[in-house]
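Peer 1: Got a structure here, written out as structure tokens. Questions coming.
The values are calculated or read from the model by the stated rules, or taken from the named source; none is laboratory data. Worth saying up front: this structure is predicted, and the values here are computed from it rather than measured. Because the Cβ atoms are built from the backbone with ideal geometry, glycine has one as well, and the counts that use them run over all protein chains shown. For accessibility, only protein heavy atoms count, side chains too; no ligands or nucleic acids. Shrake-Rupley method; radii C 1.70, N 1.55, O 1.52, S 1.80 Å.
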Amino acid sequence: MNLTINTERLMRELHHLASLTNCPPTSDASLPVPTQAVTRIVFTARDLEARAWLKGLADEAGFTVREDAIGNTFIRWHGSDATLCAVGTGSHTDAIPHAGMYDGTVGVLGGLEAMRALKESGFQPTRSLELLMFTSEEPTRFGIGCLGSRLLGSVLDPESADALLDRLPETDSNALEGLTLQQVREAADFNGSLASVALPKDYYSAWVELHIEQGPLLEREGIDLGIVTGIAAPASYRYTIEGFGGHAGALLMPDRRDALCAAAEMILSVERHARAANAAAGGVDAVATVGMVNVHPGAVNSVPSRVNLPLDIRDTDVDRRNSVMTAFHADIVAIERARQVRVTEELINADAPARSDKRIVEALEKICETENIRYKKMVSRAYHDSSFMAAIAPIAMVFIPCRNGVSHRPDEYSTPESIALGTRVLALAMAKLSSE
Ligand SMILES: [Zn+2]
């Protein structure tokens, strides 16, 4: 097969997609031109614009497009044997506020380029090849990541999904009065029951996602490509800490039940336990993060009476993740008692780690060996849509290096050479898996 990845076309498309952003052009001189800060939140006008553009590209390439009730977009190249289940690839195009232009998009536009390049080389797939653009991999708007892939993999109950509240930054302070996912998606013209989104277990014979590493290892070790053997398991919680508020001058220290001081102790506690778990294991896999704090009433001269905070905790080992939570829970009880506050915990999700399929990993290794590509097998510490595709399909992922391991920032960067190489390996893998 004479396969040529059109790097110039792929990079032009990545830059065009980056221009569909709600971030104004950056004036940050420290950023390499033409890096663009990208904000593209699901079902906003920019997201819908990006979707329409992507569907146009698929049309142009002669692929068939279908969308489901949550807006997952399927771009299919029909194989010669329609009775066989398809080989899938894909990722996401939504972006958190002030993010970079490569997270997710490399897997979507790289997947499209892989299919186009195969087509242009004269290849004819036996199994259909399908590119999937997932809705809302990022949790920005509805508070839960991988919304589209969770529904595809039947990992999320359709009814509770539809009831999720819109947490767009503008509406966050009164989220209870916000719209539901059902209202938001229907306004964006994605109708029908979410129960119809789930895919059967024999829909894909194999699934491969191309993604930037979002960590520094490949670049640091001078390796071209990562083959993901497993994906760390994330869990997220929401906490409400209720104390007693009052006037910053009049409420004396002995009488205080400051909710924010209690929250501060909780944040340090979970950090301490994650570090301790790593130290005990001689590893680095446990990570715990509190990335937001909501303080009520939020005035300089008022003692905080209520605090809301989320917790994101991940590990490649679900037992170790649970042990960090057990230690944290014991601290919460102690903090409640010592500070006379009440802490309530809401579990948002606690996902299982995903394991890559041995057959797909071996196929990827063989391609790297044939193509003289330096690769390493590695775990993914970030979760991806593939985590949930693993519930219904044999999966694997391909990572390409990104500069300094930076992601979710405007200065996120991968070289065109890395992007083209990852796309080439993806194309060769899809071709091989299509005939298996
Ligand atoms: Zn991503």
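Peer 1: Looking only at region 325-335, how many residues end up being under 11 Å from GLU265 (Cα atoms) and either of a type in the set (S, T, N, Q) or surrounded by fewer than 16 Cβ atoms within 10 Å (Cβ to Cβ) (or both)? So that I can check it myself, show each step before the final result.
Peer 2: Taking region 325-335 as the starting set, the residues that turn out to be under 11 Å from GLU265 (Cα atoms) are 328, 331-332, 334-335.
Now drop any that are not either of a type in the set (S, T, N, Q) or surrounded by fewer than 16 Cβ atoms within 10 Å (Cβ to Cβ) (or both), which leaves 334.
Qualifying residue count, region 325-335: 1.
Peer 1: Moving to a separate point now. Only one residue in ARG403, ARG424 is closer than 10 Å to ILE212 by Cβ, charged (D, E, K, R) and either surrounded by fewer than 24 Cβ atoms within 10 Å (Cβ to Cβ) or in contact (Cβ under 8 Å) with a residue 24 or more places away in the chain (or both). Which one? So that I can check it myself, show each step before the final result.
Peer 2: Working: ARG424 fails: closer than 10 Å to ILE212 by Cβ.
When all the criteria are applied, what remains is ARG403.
Peer 1: Here is a further query. Within the bounds of region 241-255, is there any residue that is touching a residue at least 40 places away in the same chain (Cβ under 8 Å), over 30 Å from PHE399 (Cα atoms), touching an Asp or Glu at 6+ places or on another chain (Cβ under 7 Å) and not assigned by TED's automatic domain parsing to the domain that holds GLU362? Give the steps one after another, and end with the answer.
Peer 2: First, pick out the residues of region 241-255 that are touching a residue at least 40 places away in the same chain (Cβ under 8 Å): 241-249, 251.
Checking which are over 30 Å from PHE399 (Cα atoms) leaves us with 241-249, 251.
Checking which are touching an Asp or Glu at 6+ places or on another chain (Cβ under 7 Å) leaves us with 243.
Subsequent filtering for residues that are not assigned by TED's automatic domain parsing to the domain that holds GLU362 retains 243.
Yes: one or more hits.
Peer 1: Where residues in region 77-98 are surrounded by fewer than 24 Cβ atoms within 10 Å (Cβ to Cβ) and within 26 Å of LEU20 (Cα to Cα), which of them is nearest to the ligand (Cβ to nearest atom)?
Peer 2: ILE96
Peer 1: I'd like to check something: does region 402-411 contain any residue that is outside the structural domain of GLY245 (by TED's automatic domain parsing), in contact with a Cys (Cβ under 6 Å, 6 or more places away or on another chain) and polar (S, T, N, Q)?
Peer 2: Kept after step one, since they are outside the structural domain of GLY245 (by TED's automatic domain parsing), are these residues of region 402-411: 402-411.
Subset that is in contact with a Cys (Cβ under 6 Å, 6 or more places away or on another chain): none.
The answer is no, given that none of the residues of region 402-411 is outside the structural domain of GLY245 (by TED's automatic domain parsing), in contact with a Cys (Cβ under 6 Å, 6 or more places away or on another chain) and polar (S, T, N, Q).
Peer 1: Select, from VAL295, VAL228, VAL284, VAL197, the only residue that is surrounded by 16 or more Cβ atoms within 10 Å (Cβ to Cβ), aliphatic (A, V, I, L, M), under 30 Å from ASP317 (Cα atoms) and in contact with a helix residue (DSSP H, G or I) (Cβ under 6 Å, 6 or more places away or on another chain). It would help to see each step written out before you state the result.
Peer 2: Values: VAL295 fails: under 30 Å from ASP317 (Cα atoms); VAL228 fails: in contact with a helix residue (DSSP H, G or I) (Cβ under 6 Å, 6 or more places away or on another chain); VAL284 fails: surrounded by 16 or more Cβ atoms within 10 Å (Cβ to Cβ).
Selected residue: VAL197, the only one of VAL295, VAL228, VAL284, VAL197 that is surrounded by 16 or more Cβ atoms within 10 Å (Cβ to Cβ), aliphatic (A, V, I, L, M), under 30 Å from ASP317 (Cα atoms) and in contact with a helix residue (DSSP H, G or I) (Cβ under 6 Å, 6 or more places away or on another chain).
Peer 1: For region 137-152, how many residues meet the condition of being away from the ligand (no atom under 16 Å from the Cβ) and open to solvent by 10 Å² or more (accessible area, probe 1.4 Å)?
Peer 2: 1
Peer 1: Determine which single condition ARG321 fails, assuming it passes every other condition in (1) open to solvent by less than 30 Å² (accessible area, probe 1.4 Å); (2) more than 26 Å from the chain's Cα centre (by Cα); (3) of a type in the set (Lys, Arg).
Peer 2: Of the numbered conditions (1) open to solvent by less than 30 Å² (accessible area, probe 1.4 Å); (2) more than 26 Å from the chain's Cα centre (by Cα); (3) of a type in the set (Lys, Arg), the odd one out for ARG321 is (2).
Peer 1: Only one of GLU371, GLU346 is open to solvent by 40 Å² or more (accessible area, probe 1.4 Å) and closer than 27 Å to SER160 by Cβ. Can you tell me which? Quick ask: steps written out before the conclusion?
Peer 2: Working: GLU371 fails: closer than 27 Å to SER160 by Cβ.
Just one listed residue meets the conditions, GLU346.
Peer 1: State which residue is nearest to the chain's Cα centre (by Cα) when the search covers only region 360-400 and only residues that are of a type in the set (A, V, I, L, M), closer than 26 Å to TYR413 by Cβ and within 15 Å of the ligand (Cβ to nearest atom). Lay out the reasoning, then the answer.
Peer 2: At the first step, the residues of region 360-400 found to be of a type in the set (A, V, I, L, M) are 360-361, 363-364, 367, 373, 378-379, 382, 389-393, 395-398, 400.
So of that shortlist, the ones also closer than 26 Å to TYR413 by Cβ come out as 364, 367, 373, 378-379, 382, 396-398, 400.
Checking the rest, the ones that are also within 15 Å of the ligand (Cβ to nearest atom) come to 382, 397-398, 400.
Numbers: ALA382: 7, MET397: 13, VAL398: 15, ILE400: 16 Å.
Selected residue: ALA382.
Peer 1: Let me ask something additional. I need the full set of residues from region 99-127 which are at positive phi and open to solvent by 10 Å² or more (accessible area, probe 1.4 Å), in order please.
Peer 2: So in region 99-127, the residues at positive phi come out as 104, 122.
Passing the criteria: only GLY122.
Peer 1: Return the residues of region 200-213 that are out of contact with any His (no Cβ under 9 Å at 6 or more places or on another chain), surrounded by 21 or more Cβ atoms within 10 Å (Cβ to Cβ) and either part of a strand (DSSP E or B) or among the β-branched types (Val, Ile, Thr) (or both); say none if nothing qualifies.
Peer 2: Residues of region 200-213 that are out of contact with any His (no Cβ under 9 Å at 6 or more places or on another chain), as a first pass: 200-208, 210, 212-213.
If we keep only those that are surrounded by 21 or more Cβ atoms within 10 Å (Cβ to Cβ) too, we end up with 204, 206-208, 210, 212-213.
Of everything in region 200-213, those that are out of contact with any His (no Cβ under 9 Å at 6 or more places or on another chain), surrounded by 21 or more Cβ atoms within 10 Å (Cβ to Cβ) and either part of a strand (DSSP E or B) or among the β-branched types (Val, Ile, Thr) (or both) turn out to be TYR204, ALA206, TRP207, VAL208, LEU210, ILE212.
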